[in-house]
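A short write-up of the structure that comes next.
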Amino acid sequence: MRAIPLAPIASLAAVALLATGCGQGLLGGGDGGDTAKTNEPIVLGMLIPQSGSEAAIGPYMSNAAQLAVDEINAKGGVLGRKLELKTADDACDAQSAAAGANKLVTEGVDVSVGGYCSGATLPTLPIFGKSNIPMIIPAANSQELVDQKLKHVFLINGTGTQQAGAAEKWMTKQGAKSVALMHDNTSYSKDIALRTKTLLDAPGGPDTALVEAVTPKESDYSANITNVLAKKPDFVYWTGYFQEGGLIARQLRQAGYKGSIMVGDGSVSPKLVEIAGPEAAEGVYATMTQTPDTLEGAEGWIEAYKKKFGAEPGPYSNQAYDAVRLAAEAVGKAGGTDGAKVISALEAIDGFQMFSGPLKFTPEHTLSNGGFQILVVKDGKITLQDSLK
């Protein structure tokens, strides 16, 4: 995603103004056809991992979403109604996610603004779809989500196809000759690995040394590491999550691997460095869309987050914040919470300012530019290496 120019987000007030002032009648009265709900809040539902191996990501997303809700409510809400955020735990697990989605539907959510793990998000698509609830997905980005071709589903993170393209571009730029791809067999991870392989198999770039699938939630990946090292790759790309990514990076280095290591966006977390250890994590690359640390001119927004929650924002905080703002914009444009009207409003969005830049969805309800960039672990911190612009 492109960085917002300094001027639009030079202060938190500018962001808040965007959050509440872009939609037709966003702050005005009127029920937009939702007469029975005029005095009721507009309920946003957010499925996030609050337990399990990816639980560290949950607070980043829910806190940022709540920040957006509070800012919009402080300016009068949407169509004279306040926003309310309800969260549910998907544990990054399909069964838990389905249960959480059903819970949110029962609680009467009007728009879904969650979704981190693609494998957990996929089974929720028909659940929200059956109730005609629009889904603005801030993080989950497997191409399988797009391939469902569902009218109520919108992605505001770059897709697996776009991430694979960024990975191949960086490997080629780095002069890689042979690449080992490692995934965990989940929808998200396997999708990126196989799409990257397709690009590597084209003439002119690095070769694929092997595609190695691992079993998630293990503690010892030595057998997988042995398989990788036997092929002598000069680049290893792990496309799964940070729990396994940290272990794999550490065990690769312990086994004597001297080549480049790169991880996908599901591994971008301070936890990756913690699990791998600072020495093994140093120099590890990552394919990732914008994080709070790589946003130009977002100092005011970051300070507001820290003041409210007493902690730094992390990966997917900015996307979760924008998901709420976009939901509010669409409801305002639709004149109410009727699902079909909100979906039409989302499809018609043209130029709505997000952290990633002005928004206009493709016909597939994805970003026209995934905005993937290359991060690197430097002195224990994950920082920007190359914007790939």
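The values are calculated or read from the model by the stated rules, or taken from the named source; none is laboratory data. This is a predicted model, so every value here is computed, not measured. For neighbour counting, all protein chains shown are included, and Cβ atoms are generated from backbone atoms with ideal geometry for every residue, glycine included. Surface accessibility is based on the protein's heavy atoms, side chains included, excluding ligands, DNA and RNA. Shrake-Rupley method; radii C 1.70, N 1.55, O 1.52, S 1.80 Å.
Here are the numbers for this structure:
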read-out: Vicinal HN-Hα couplings computed from phi for region 73-89 (Karplus, 6.51 cos²θ - 1.76 cosθ + 1.60; Hz; Gly/Pro x); value: 5, 5, 9, x, x, 10, 6, x, 10, 7, 8, 9, 9, 10, 10, 9, 8
read-out: Virtual spin-label span in nm between residue 303 and residue 229, 7 Å along Cα→Cβ; value: 5.0 nm
read-out: Rounded percent of accessible protein surface that carbon and sulfur make up, the chain, 1.4 Å probe; value: 51 percent
read-out: Share, in percent, of DSSP beta bridges within region 160-259 that are antiparallel, nearest 5; value: 0 percent
read-out: Placed amide H near residue 55: partners under 5 Å, 5+ positions off or other chain; value: none
read-out: Helix-only CD estimate at 222 nm, as mean residue ellipticity for the chain, using -39500 (n - 2.57) per DSSP H run (n ≥ 4); value: -12000 deg cm²/dmol
read-out: Amide hydrogen neighbours beyond the local backbone of residue 214, cut-off 5 Å, H modeled; value: 183, 184, 185
read-out: Per residue, in Å², the accessible surface of the chain once ligands and nucleic acids are set aside, probe 1.4 Å; value: 38 Å²
read-out: Convex hull volume per residue for region 231-389, taking Cα atoms only, in Å³; value: 150 Å³
read-out: Residues with amide H under 5 Å from that of residue 46, placed H, sequence gap 5 or more; value: 86, 87, 88, 113
read-out: Exposure ranking of 219, 344, 187 by accessible area [1.4 Å probe, largest first]; value: 219, 344, 187
read-out: Net charge over other residues, Cβ less than 13 angstrom from the Cβ of residue 123 (K, R count +1; D, E count -1); value: -2
read-out: Out-of-range pairs (alpha-carbon distance over 29 Å; input 271/341; 258/306; 151/333; 103/341; 151/190; 103/217); value: 271/341; 258/306
read-out: Table column - 3J(HN,Hα) (Hz), region 60-71, Karplus curve with 6.51, -1.76, 1.60, x for Gly and Pro; value: 4, 6, 5, 4, 5, 4, 5, 4, 5, 4, 5, 5
read-out: Label-to-label distance, nm, for residues given as residue 383 and residue 202 (7 Å Cα→Cβ offset); value: 3.3 nm
read-out: Hz values of 3J(HN,Hα) by residue in region 109-121 - Karplus curve (6.51, -1.76, 1.60), Gly and Pro given as x; value: 5, 9, 9, 8, 10, x, x, 10, 7, 5, x, 7, 6
read-out: Per residue, the convex hull volume that the Cα atoms of region 50-112 enclose (Å³); value: 68 Å³
read-out: Surrounding net charge for residue 50, when Lys and Arg each add one and Asp and Glu each subtract one, Cβ distance under 10 Å; value: -3
read-out: Equivalent-ellipsoid semi-axes of region 114-185, from the Cα gyration tensor, Å, largest first; value: 30, 12, 9
read-out: Those aspartates and glutamates that a straight Cα-Cα span of less than 15 Å connects to residue 308, excepting residues fewer than 8 apart in one chain; value: 70, 71, 299
